[in-house]
Amino acid sequence: VIDLMDGNQDLQTLTLSDNFIDEEDEGDFCEAIARHPELSTINLDGCCEGRVFMLCELVRSNLLVDISMGYNDLSFISSDDRQDFINALVSNTSLEKLDLTENDLSDEDAVCLATALIPNSTLKCLCLEGNHRFAIGAEATFGVALTTNNALQQLFLPSGTAYGVSNAQALFDDSSLNSAADSNHTCFVKCYPNNRNEQGDPTGNRQRKIYNILARRHIDMCNVQHFDDIDINLLPEILAAVQRYASTPDPGLFYTENSQVNGLSIIFEIMRKWDKAQQR
């Protein structure tokens, strides 16, 4: 395989799924990959069962855009293995998709991956489906990561993963309009029972969340009393959110009050009292 690779310097995609790579060959194989700067996508599903060396080296190479290493039982054996991977992913600036489907990853491994996401600014898709469902403590680390990471667009978690407050607030902190506007609007989390983001629509996600809060508050006609800490520059987006979503609410955000809310009524309440609220 290495000879074939060296004979094709224009190689861009390499799929070797279900072809076992011996441990003594891993180093040579990684060196061969490094000799191919055009190579961007590699699939090693089921190729190196139980060994994380290859994963760490591929990420550390900082060359590949898409790495698939599913079905390899890659659960990190030691804390050193986990730290090695964190360091590799933190320093990586090329990888956009990492697929670790069905690798028997533990809660500790999940925390490791989530920790590496916090400073990473290039990874767009992380697939962890088919692993053991993560406990709330491990899931919470992803919530922490999503509060600062706006590059990740797709996060596929194992079915049955527990979802706590941290993840929910990262995607939609509904304690105020400011917190809603500052929430993560880019990442779609699969298997999240009340997912807050639609794929590929960060602007729409932001506006839907703003409208959700306005609609709930309007039932008690209490929107304006919350405007003291709202930047006037947010007003156009507030009005745009009302105009866009009042007639077509998104059931995925559980607008239970929408049947009782008229969009024009919200706009009237906002415009009639905004100046007064700003003067207080």
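Worth a mention:
- Output for segment 162-173, where each listed residue is open to solvent by less than 20 Å² (accessible area, probe 1.4 Å) and at pLDDT below 85: 164, 167
- Qualifying residue in segment 12-22 (condition: on the phi > 0 side of the Ramachandran plot and over 27 Å from the mean Cα position of the chain (by Cα)): yes
- Restricting attention to segment 174-233, the residues that are at pLDDT 90 or above and either farther than 24 Å from residue 152 by Cβ or in a loop (DSSP other than H, G, I, E, B) (or both) add up to 6.
- Elements of type helices (runs of 4 or more DSSP H) contained in segment 1-109, each with 1 or more residues being closer than 22 Å to residue 157 by Cβ, open to solvent by 10 Å² or more (accessible area, probe 1.4 Å) and modelled with pLDDT of 90 or more: 79-91
- Scanning segment 110-161 for residues that are open to solvent by less than 50 Å² (accessible area, probe 1.4 Å), within 18 Å of residue 185 (Cα to Cα) and in a loop (DSSP other than H, G, I, E, B) returns 120, 122, 123, 149, 151, 152, 157.
- Qualifying position, being touching a residue at least 12 places away in the same chain (Cβ under 8 Å) and buried (at least 22 other Cβ atoms within 10 Å of the Cβ), among 178, 184: 184
The values are calculated or read from the model by the stated rules, or taken from the named source; none is laboratory data. A quick note: this is a predicted structure, and the numbers were derived from the prediction, not measured. All Cβ positions, glycine included, derive from the backbone under ideal geometry; neighbour counts span all protein chains shown. What goes into the accessible areas is simple: the full protein's heavy atoms, side chains included, and nothing from ligands, DNA or RNA. Shrake-Rupley method; radii C 1.70, N 1.55, O 1.52, S 1.80 Å.
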